[in-house]
1. What ranking of 459, 190 emerges when the number of other C-beta atoms within 10 Å of each C-beta is taken as an exposure proxy, fewest first?
2. What is segment 374-460 by shape, rounded, prolate or oblate, if you read a ≥ b ≥ c off the alpha carbon gyration tensor as root eigenvalues and call it rounded for a/c under 1.5, prolate for a/b larger than b/c, and oblate otherwise?
3. Find how many whole Å separate the alpha carbon centroid of segment 140-197 from the alpha carbon centroid of segment 442-460.
4. Do you know the relative contact order of the chain, to the nearest whole percent, from alpha carbon pairs under 8 angstrom that are 6+ apart?
5. Using a/c under 1.5 as the rounded threshold, could you call segment 274-363 rounded, prolate or oblate? The axes a ≥ b ≥ c are square roots of the C-alpha gyration tensor eigenvalues, and prolate needs a/b larger than b/c, oblate otherwise.
6. If I stretch the segment between residue 300 and residue 445 completely, what's the gain in nm (0.36 nm per residue apart, minus their alpha carbon distance), one decimal?
7. Ranked highest first by average number of other Cβ atoms within 10 Å, how do 149-160, 433-444 line up?
8. For residue 238 and residue 252 in one chain, what is 0.36 nm times their gap in residues minus the Cα-Cα distance, to one decimal in nm?
């Protein structure tokens, strides 16, 4: 059998897969068990599994349901559409949201209705990038979905709540595909190297080359296989004339081959080694030192190397509190919002969110007064300076508290001028302690002036 020979599906309408097809097409899963990731959609009895897998003898197959598949590129949306068609022998028709119009949709639906009327096969209509369809185009699908003249499988990378009309969404099963994890993509790469549909064991991938490939793939299976195919072609071309002998070991695709194949140099950054800590340290110190350009450089190195964006976001949040603090309180708000947005959006767009937060922190006035204040307070507590709470501040919300003298003499701050009551708050041992010493930079200049007045009122 030829190295790239692959069986062509017999399901009507599905494209054939030949030796010249891209590796990502040749390696397209043939069963749900070959689908990478998406375990939340593929459990026993899940709607997707009931739709794809043939019913057991004597059992009723689930009624065909229209599906909207939402997820990032390379997570298996097209694959699932193919599996829905091939599993039941339904006819498969594919349209693109970019190039197709209402006329194309109606032609497919009319043909599907004629086939149903004459006892023909049901039709699976796959619309890729359905978010590109206008409201009118999506509305044209409603009768066919409502009456199940076709089984619609619509794929989108955009949030369907905003990109798919409410009537169409309400008539469809929404399935959210998650980005593939690194190990999911690694398993696909290994399968492509070993499987006869891929490279049949002729090639292996060096460890550093594999790590670089996985970083570049960014959870996109299609991209990973495209990079692998290009790197393998480079290696095979370099070794032309030396392959084919049964006693020769597999060729090794090295890091240089991956770099040459896609013209992207590997970033020297080991997420588990010294480079990880060195770059992260330089990143934090550049923000502390207000060198926004250096901070962006180190951010870029981490992004390109495939560092977890949540790790980066956490470092920015810490820097906003430790290095900026009350000199610009909005820096922490920006950093926290960025961390939440990164978790919501993911890469590659998260790089923009991280950049905005880094620029805010790096260019903000700096003060570590909050950091020094809490550490000084903790040091006193650990040294045993933790006296009794003054009686007038103690809780009075339980029976017998008043008899114990709790709350007696307490002055309600809002009843006093400037809402500051002249009374003791700290334990006796710490009545003269001063932990927070604001700087004269940014917002803390105003805080310092107000704090002086407050302390004069409090302590007389």
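Each value in this text was obtained by applying a stated rule to the coordinates, not by laboratory testing. Since the model is a prediction, treat every value here as computed from it, not as a measurement. Cβ placement follows ideal geometry from the backbone for every residue including glycine, while neighbour counts extend to all protein chains displayed.
1. Values: 459 11, 190 14.
Listed from fewest to most nearby Cβ atoms, that is 459, 190.
2. Values: a/c = 2.83, a/b = 1.42, b/c = 2.00.
Cα axes put segment 374-460 in the oblate bin.
3. 59 Å
4. Numbers: 690 pairs, mean separation 51.2, N = 460.
For the chain, the relative contact order is 11 percent.
5. On the way: a/c = 1.78, a/b = 1.13, b/c = 1.58.
In terms of gyration-tensor shape, oblate.
6. Numbers: separation 145, 0.36 × 145 = 52.20 nm, distance 3.38 nm.
Gain on extension, residue 300 to residue 445, equals 48.8 nm.
7. Values: 149-160: 22.2, 433-444: 16.8.
Ranked from most to least packed, the peptides come out as 149-160, 433-444.
8. Working: separation 14, 0.36 × 14 = 5.04 nm, distance 1.12 nm.
Gain on extension, residue 238 to residue 252, equals 3.9 nm.
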